[in-house]
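Here is the structure we will look at, set down as structure tokens.
Derivation of every value follows stated rules applied to the coordinates shown; laboratory data play no part. Here the structure is a predicted model, which is why all the values come from computation and not from measurement. Note: ideal-geometry Cβ built from the backbone for every residue, glycine included; neighbour counts use all protein chains shown.
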């Protein structure tokens with residue numbers, strides 16, 4: 001499980017739209033970006049950070065028991081994680097993302113990423129967005145001890161589990177269309193694909 005946190009600023013209309021920094025090669029998480037708050041144009045979020053947390057649901061600490069029952073906490077899972085952290089790029093990324101959640105020093109570290117988007121951003125104009133952010137699973141192949149990049153999908157008996165790549169916004173509508181068609185088939189219903197596409201004219205074709 002990889003948790004994402006955010007910093008925010010209340011500079012009025014800091015950004016007019018979502019602005020990404022350059023993706024780090026070999027890192028399967030969205031590069032830090034600025035994103036205006038949809039419901040409040042006077043707030044802009046920057047993030048996400050990406051750190052490992054032993055939880056299956058963010059801010060629900062009771063799920064740590066479910067995490068401990070997963071393969072991640074078994075010898076094969078631990079070996080895979082140790083092998084992944086031998087990669088200097090991933091290790092540096094992991095350590096940095098632990099530090100950015102710390103008081104005082106974390107904001108100084110993250111401010112360097114924010115200034116790639118807003119060069120004149122000051123330390124006192126940035127605050128940690130408490131309670132904002134979620135958690136997403138990261139697929140790890142315990143046989144090859146490698147991270148699986150991109151989208152993952154498991155289809156069972158009237159059951160679909162999606163693992164969305166980061167950033168999820170780049171794929172979410174395509175996945176929604178594909179899953180809606182599958183669910184409609186299971187229910188013996190009709191999915192109006194033309195109407196769906198009329199509502200989402202720029203939606204890429206579902207595989």
Would you mind calculating the relative contact order of the chain from Cα pairs under 8 angstrom and at least 6 residues apart, reporting the percent as a whole number? 22 percent
Fewest-first sequence of 104, 73 by Cβ atoms within 10 Å of each Cβ: 104, 73
In nanometres, what is the gap between the two model label sites at residue 124 and residue 69, each 7 Å from Cα along Cα-to-Cβ? 5.1 nm
Ranked 76, 86, criterion: other C-beta atoms within 10 Å, fewest first: 86, 76
Calculate the FRET efficiency for residue 85 and residue 16 from the Cβ-Cβ distance with a Förster distance of 30 Å, rounded to the nearest 0.05. 0.20
When N is the residue count of the chain, what does its C-alpha Rg come to as a fraction of 2.2 N^0.38 Å? 1.15
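Using Cα pairs closer than 8 Å and at least 6 residues apart in sequence, work out the relative contact order for the range 152-199, in percent.
23 percent
Just from its helices, what would the mean residue ellipticity at 222 nm be for the chain, if runs of 4 or more DSSP H residues each count -39500 (n - 2.57) and the sum is divided by every residue, rounded to the nearest 500 deg cm²/dmol? Don't jump to the answer; show the numbers that get you there.
Values: 6 runs with 60 residues, N = 207.
Rounded to the nearest 500, the figure is -8500 deg cm²/dmol.
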Separation of the residue 24 and residue 153 label points, Cα + 7 Å toward Cβ, nm: 3.0 nm
Exposure proxy check: 56, 82 ranked by fewest other beta carbons within 10 Å? 82, 56
Within a Gaussian network of the chain (alpha carbon springs, distance under 10 Å), most fluctuating of 64, 84, 154: 154
Cα-based Kirkwood hydrodynamic radius, the range 152-199, one decimal, Å: 11.7 Å
With the 8 Å Cα cutoff and a minimum separation of six or more residues, the range 79-142 has a relative contact order in percent of 29 percent
